Amino acid sequence: MMILSTASVIIIAVVAAISLGLGILIAGTVMRRNIIRKSQHILKEAVSEAEVLKKEKILQAKENFLQMKADHEKYVAEKNQKISVAENKLKQREGSFSQKMEELQRKQNEVNVIRDNLNTQLDILNKKQTELDKSHQLQLEQLQAISGMSAQEAKDQLIEALKVEAQSDAQSYIREVMEEARLTSNMEAKKLVVQSLQRTATEVAIENSVSVFPIESDEIKGRIIGREGRNIRALEAATGVEIIVDDTPEAIILSGFDPVRREIARLSLHKLVTDGRIHPARIEEVVAKTQKQIEQEIMEIGKRTTIDLGIHGMHHELIRLVGRMKYRSSYGQNLLQHSKEVANLAATMAAELGLNPKIAKRAALLHDIGKVPDNEPELPHAVLGMKLAEKYKEKPEVCNAIGSHHDEVEMNSLISPIIQVCDAISGARPGARREVVESYIKRLNDLEELALSYPGVVKTYAIQAGRELRVIVGSEKITDAEAEQISHDLSKKIQTEMTYPGQIKITVIRETRAVAYAK
């Protein structure tokens, strides 16, 4: 009973499996038919859409074709119209050309007729010329027979007579022209100089060797002098200027022949009095700062001068030397004022003569540049100025004008004599120069240079109008005995090599300083 039950179960399971397989097979067949039906339906829809799209594209292509055809027909019509217009113009030109050709042919016929007439007249003229030549030859033979001279001999005699007469007339004319040119040139030269002077405004500046420093009270005098005079000694040693403190109320006199030193001393005193701290270390510091300030001011003066005169492109070292002119004098005449005056005169003369006024003005401003270099070699100032101008790439005309304004070198440009004349005009004005001041300054310079030639000498200052020479030597190089020997030798050398009034006191200063800082 148990076995039958198992077989029944197996049979039932097999039947179930077969039923399930048939179900799956039937389901797959149904699904495949559904898929085939859907595919056919999608394909029909795709074909329908393709047909519709095909019809739309065909319609669109027909519309584009019709539009292109219309545009092409319009373009062809425009081209045909342009061709028609061009053909009409060409026909008009052909007609005009035909008329011109006919006119030209007519004129050519007229020219032919005129040429034939001219040929006929030329033949007549040739016949008449032949007859005239025969008549002239006959007359010439008759004249030769009457005078007994050939035609060549008569011609030579006539030429000789005309030559002598022409030479006489020419010499007379040349004498008249030369005399007139001499009178005219003198008048024109005087007129040119007078006009240049009238058109140039000048200032008369008298240089001196003393500056007055005003003070508020006598108390400040005592502070400037310092304890046992140490402040005033330090100030004189640092600046090289003699400071005279006397009974003059509310004033201190600064004496020195070098204007740069006097200006440094004046500005340093002003700063010290304003600040209130006056002692040797502070004095040296202020003097050093003032020297730098003066150098900057010198550059500013040079730049301002070149700008005022309209001069451009000058080397900065030449501009610095131009600024130093303010603190130099030539025979008592301020050198910068003199150079500016010469520049204005030279520009006026050059313009009147048709030359370049800018080059003339440039050369005139630099003509005395050799008087202000830092180191002064044994060369005339004109030659030294020319070498400086050549060193800093100035034009050859400018260099030659600088070097030749005192005839040290030969003039080779028209600007050079103008600079020489204007320099003479500026220096020859009444009150412009004083020979005594220039020789005095030269004597003091020579006195300082003579002392500087000794080894171990650091600084030299000529003070008290040249009656005293202070020589500062290095304490590490010179001993006390050597300092005494220098003062003795220097006094002997000054006696033998220089000419001076009165006597000169030589003071050799050897100072040892011990400096320490408390921190």
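The values are calculated or read from the model by the stated rules, or taken from the named source; none is laboratory data. Predicted model only: the values in this text are computed from it and were never measured. Methodologically, a virtual Cβ is constructed for each residue, glycine included, from the backbone with ideal geometry; neighbour enumeration extends over all protein chains shown. Heavy atoms of the whole protein, side chains included, go into the accessibility calculation; ligands, DNA and RNA do not. Shrake-Rupley method; radii C 1.70, N 1.55, O 1.52, S 1.80 Å.
General remarks:
- In nm, spacing of pseudo-spin labels at Asp275 and Ser475 (7 Å Cα→C-beta vector): 2.3 nm
- Long-range amide H partners of Ile509 with built H, under 5 Å: Val471, Ile472, Val473
- For the stretch 12-81 and the stretch 454-475, distance of Cα centres in Å: 122 Å
- Here His41 and Leu20 are evaluated by their C-beta separation; at R0 = 35 Å the FRET efficiency comes out at 0.65.
- The eigenvalues of the Cα gyration tensor, multiplied by 5 and square-rooted, give the stretch 30-173 an equivalent ellipsoid with semi-axes of 114, 28, 12 Å from largest to smallest.
- Kirkwood hydrodynamic radius of the stretch 320-359, from inverse mean 1/r over distinct Cα pairs, in Å: 11.0 Å
- Cα-based radius of gyration of the stretch 76-143 once divided by 2.2 N^0.38 Å, which approximates compact folds: 2.63
- Cα→Cβ-extended label distance, 7 Å offset, between Ala27 and Tyr500, nm: 14.1 nm
- Cα-Cα separations in the stretch 309-411 greater than 18 Å, expressed as whole percent: 43 percent
- Semi-axes of the equivalent ellipsoid for the stretch 276-316, computed as √(5λ) from the eigenvalues of its C-alpha gyration tensor and ordered from largest down, come to 34, 9, 4 Å.
- For the stretch 225-362, the share of alpha carbon pairs falling in successive 5 Å distance bins from zero is 2, 9, 15, 17, 14, 11, 10, 8, 6, 4, 3, 1, 0, 0 percent.
- Fully extended contour minus Cα-Cα distance, from Leu90 to Asn445, at 0.36 nm per residue: 117.9 nm
- Cβ-Cβ FRET estimate between Val164 and Arg115, R0 fixed at 60 Å, reported to 0.05: 0.75
- Residue-wise HN-Hα coupling along the stretch 352-368, computed from phi with Karplus coefficients 6.51, -1.76, 1.60 (Hz; x: Gly, Pro): 5, 8, x, 9, 7, x, 5, 5, 4, 5, 5, 5, 5, 5, 9, 5, 10
- Using the Stokes-Einstein relation with a Kirkwood hydrodynamic radius computed over Cα pairs, the translational diffusion coefficient of the stretch 3-61 at 25 °C and a viscosity of 0.890 mPa s comes to 158 µm²/s.
- Coordinate range along principal axes, alpha carbons of the stretch 34-118, Å, largest first: 121, 15, 7
- When the C-alpha to C-alpha distance is required to be over 31 Å, the pairs from Lys127/Lys155; Lys326/Lys477; Lys289/Lys358; Lys271/Lys391; Lys271/Lys361 that qualify are Lys326/Lys477; Lys289/Lys358; Lys271/Lys391; Lys271/Lys361.
- Potential lengthening between Asn412 and Glu49 on full extension [0.36 nm per residue; Cα-Cα distance subtracted]: 120.1 nm
- Note on Val111: accessible area approximately 80 square angstrom, rounded to 10, probe 1.4 Å, nucleic acids and ligands left out.
- Most tightly packed first, judged by the mean number of other beta-carbon atoms within 10 Å of their residues, the peptides 398-409, 360-371, 47-58 read 360-371, 398-409, 47-58.
- Calculated over the stretch 446-519: convex hull of Cα atoms, volume per residue (Å³): 100 Å³
- Here the Karplus relation 6.51 cos²θ - 1.76 cosθ + 1.60, evaluated at θ = phi - 60°, turns the backbone of the stretch 62-70 into coupling constants of 5, 5, 4, 4, 5, 5, 5, 5, 5 Hz, with x for every Gly and Pro.
- Distance between modelled label sites at Glu153 and Glu219, nm, 7 Å Cα→Cβ extension: 12.4 nm
- Fully extended contour minus Cα-Cα distance, from Val76 to Arg282, at 0.36 nm per residue: 63.8 nm
- For Lys358 and Met299, the FRET efficiency from 1/(1 + (r/R0)^6), where r spans their Cβ atoms and R0 equals 30 Å, is about 0.85.
- Whole-Hz couplings from phi, Karplus 6.51/-1.76/1.60, listed for the stretch 15-31; x for Gly and Pro: 5, 5, 5, 5, 4, 5, x, 5, x, 5, 5, 5, 5, x, 5, 5, 5
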